[in-house]
Amino acid sequence: MTKKFYITTPIYYSNGVPHIGHAYSSLIADTIASYHRLGHEDVRFCTGVDENSQKVVESAESLGMETMAYADMMAGKHREVWDGIGIRYTDFIRTTETRHRDYVQQVLQKSFDAGDIYEGFYEGLYCVGCEGFKKESDLVDGKCPDHPNKLLSYLKEKNYFFRLSKYQDKILKFYESHPDFVQPRTRYNEIIEFVRGWLEDFSISRETNKFGIPLPFDATQVTYVWYDALFNYLTVVQNDEKKWWPADMHVIGKDIVRFHGIYWPAMLWSAGYEAPHQLLTTGHFTVDGQKMSKSIGNVIDPVAYISEYSGDMLTLYLFTAFPIGEDGDFSRDQAILTYNAKLSNNLGNLLNRAIALALKLDGRISGSVWKVWSDKIGQYISLMDTSDLKGSLELAFAYATEINQYVEENAPWKMDIEIPEQREKLENILFILLSNLRKISIMLLPFFDLKMRELLTRIGTSYDDSISLSDNLAHDPSEFYIAEKGEPLYMRITTSK
Ligand code: MSP
């Protein structure tokens, strides 16, 4: 039976158009989804918008728009961004959809019936930026550290609460028996430390908000946006839960790891579901040393960026500039330099060399003796299997460097094709070059699908979608064919743009 793989991005608040920081999560999920698809697995990849938020209501009001009309417009803009940068999601969810409202009401009722939801009274601070409750100890100079420009609201109202405290031991045991639940390890340690402290019950409804999902057991209240948002991951697979749940991976930012790492498993258990398999937690990055902000004017629109430069440049740089989980900086100049060095020069050189030599030999190359860099395959698979995208890319480019060096050392261009011995030697070197170039392209396929498929076609091979990626890597064609010189695969980009 084909293995399933279910991966999700966070659902993005729809009161703004996604910027490059949001695109980072989607590109990571897209690459991992692609790797599993290429691994011959049945992949479900879900993204969407988080709409039942006070932010959405406020943004609509500020434009003088009706909330739903605004939400419709923004959901369209989000899809345009993801389609524009080539994110290959299988599902897009809006939390204002009926299928979601009905589903959330069902799970709320289950938890209510299980005695995990009770009526109480909330009094305290709330940050609309985080859509989260704040204690005095969370504040810096009386403000939310993540949203210092937003005023905190003071809430005093009847609410329903979720009995999180009941799940404290279960959460701790779960963490102890699932050491890979939160990646990378530093975030896992952070969460487990937090869970060891006191887990308070949390409010899961609002009396004063009107936009949202009404509680099934008290229609005067709407569901707290995070309670509804997290269940999006189940809403999309509700018709085939047995197959798809638990999700294999939620890609999330460091700012939302507590919601996913603590609230979410408890909410799931309470409603009778298993916890997801893994949370892949990403860091945040600045742009050219500064936090992205509308007032500074450094917010990068991913669609505009890739149409000016290239999607492959964005992916390559975002994934290699800093490891997943760490904070980093996006330098526009470094992005171009990295693209030129790795794609245009290093990989481009291998292809150019192969073309020049193959055309000397009328394009068709079959080999007899060839050198294997087989250790690379195992290393690559284990890096990809642990979502080390930086490590995998670096391995593929280091591999390309080695093959370039091998070609230089053997100087096949010096061989005289009229002398049979030298011609045979040239053929063998070229066969080695092409076999390894093919492997490098396959390793890069989850990252740069279109270009790598083009490269494979240009050397007379293709990816076999009916077998796994590791089998594609292990198997070698007996012949390559290069028909023409063609354009450079990656044109150099100048930094003076
Ligand atoms: N709606 C919630 C998620 C609910 S999931 C059930 C939310 N939305 S968000 O739009 O504010 O953020 C979505 C993701 O984008 C978060 O994971 C956040 O960490 C990420 N990023 C936002 N800015 C970013 C950077 N500058 N850099 C990297 N990731 C960034 O939170």
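The values are calculated or read from the model by the stated rules, or taken from the named source; none is laboratory data. Computed from a predicted structure; not experimentally measured. Please note: Cβ atoms are built from the backbone with ideal geometry, for glycine as well, and neighbour counts cover all protein chains shown. Remember, those area values only see protein heavy atoms, side chains included, never the ligands or the DNA or RNA. Shrake-Rupley method; radii C 1.70, N 1.55, O 1.52, S 1.80 Å.
Where does the chain land on Rg/Rh, using Cα atoms and the Kirkwood Rh?
Ratio of gyration radius to Kirkwood radius for the chain: 1.04.
Nearest 5 is fine: what % of DSSP beta bridges in the chain come out antiparallel, could you say?
For the chain, the DSSP antiparallel bridge percentage is about 50.
Can you compute the radius of gyration and Dmax for segment 32-87, using only the Cα atoms, both in Å?
That works out to 15.8, 49 Å for Rg and Dmax.
With +1 on each Lys and Arg Cβ and -1 on each Asp and Glu Cβ, how big is the dipole of the chain about its Cα centre, in debye rounded to the nearest 20?
Using Cβ point charges on Lys, Arg, Asp and Glu, the chain gives about 200 debye.
Farthest toward the dipole's positive end in the chain, which of 309, 380, 12, given Cβ charges of +1 (Lys, Arg) and -1 (Asp, Glu) about the Cα centre?
Value computed over the given set: 309.
When ligands, DNA and RNA are left out and all protein chains stay put, how many square angstrom of accessible area per residue does the chain have with a 1.4 Å probe?
Counting only protein heavy atoms, the per-residue value for the chain is 43 Å².
Between segment 263-306 and segment 419-476, how far is it from one alpha carbon centroid to the other, in angstrom?
After rounding, the separation between the Cα centres reads 36 Å.
Please give every one of the lysines within straight-line cross-link reach of residue 254, meaning a C-alpha to C-alpha distance under 16 Å, and leave out same-chain neighbours fewer than 8 residues apart.
Candidates past the 8-residue exclusion: 291.
Search the structure for amide H atoms under 5 Å from the amide H of residue 287, placed 1.01 Å from N in the peptide plane, and list their residues when 5 or more places away or on another chain.
Sorted by chain and number, the residues that satisfy this are 292, 330.
Taking a virtual spin label 7 Å from the Cα of residue 479 along the C-beta vector, which residues in segment 449-465 bring their backbone nitrogen under 17 Å of it?
Once the point is set 7 Å along Cα→Cβ of residue 479, 457-462 turn out to lie under 17 Å by backbone N, inside segment 449-465.
Show me 229-237, 253-261, 83-91 ranked by packing, highest mean number of other Cβ atoms within 10 Å first.
Highest-to-lowest ranking by the protection proxy: 229-237, 253-261, 83-91.
Over segment 166-221, what is the relative contact order in whole percent, taking alpha-carbon pairs under 8 Å and six or more residues apart?
For segment 166-221, the relative contact order is 26 percent.
Once the piece of chain linking residue 90 and residue 201 is laid out straight, how much longer is it, given 0.36 nm per residue of separation minus the C-alpha distance between them?
So the chain would gain 36.5 nm between residue 90 and residue 201.
Measure nothing but the geometry: give the 0 to 90° angle between the long axis through the Cα atoms of 449-458 and the longest principal axis through the Cα atoms of the chain, rounded to 10°.
Approximately 10 degrees, to the nearest ten.
Averaging over all projection directions, find the projected area of the Cα convex hull of segment 390-476 and quote it in nm² with one decimal place.
Hull-based average projected area comes out at 6.3 nm².
Treat each spin label as a single point 7 Å out from the Cα along the C-beta direction, and report the residue 465 to residue 1 distance in nm.
Here the modelled spin labels are 2.4 nm apart.
Using amide H atoms built in the peptide plane, which far-off residues or other-chain residues are under 5 Å from residue 253 H to H?
For residue 253, the qualifying residues are 282.
Could you work out [θ]222 nm for the chain from helices alone, using -39500 (n - 2.57) per DSSP H run of at least four and dividing by all its residues? Round to the nearest 500 deg cm²/dmol.
Here the helix-only value at 222 nm equals -13500 deg cm²/dmol.
If R₀ is 35 angstrom, what is the calculated FRET efficiency for the pair residue 137 and residue 177, using the beta carbon separation as r and rounding to 0.05?
For residue 137 and residue 177, the calculated efficiency is 0.70.
Classify segment 4-282 from the C-alpha gyration tensor, please: rounded if a/c falls under 1.5, else prolate or oblate depending on whether a/b exceeds b/c.
rounded
Given labels modelled 7 Å from the Cα in the Cβ direction, how far is it in nm from residue 72 to residue 150?
Rounded to a tenth, the inter-label distance reads 2.7 nm.
Go through 338, 8 and list them by solvent-accessible area, largest first, probe radius 1.4 Å.
338, 8
Determine the alpha carbon to alpha carbon distance for each of 166/242; 55/110; 3/242; 3/451 and list only those over 23 Å.
With Cα atoms farther than 23 Å apart: 166/242; 55/110; 3/451.
How compact is segment 345-440 by the rule of thumb for globular proteins, expressed as Cα Rg over 2.2 N^0.38 Å?
Against the compact-globule rule of thumb, the ratio is 1.17.
If one puts a single equal scatterer on every Cα of segment 81-219 and applies the Debye formula without solvent, what log₁₀ I(q)/I(0) results at q = 0.14 Å⁻¹?
Results for segment 81-219 at q = 0.14 Å⁻¹ read -0.99.
Mind listing the long-range amide H neighbours of residue 482? Cut-off is under 5 Å, sequence gap 5 or more, other chains count too, H placed in the peptide plane at 1.01 Å from N.
Amide H neighbours of residue 482: 364, 365.
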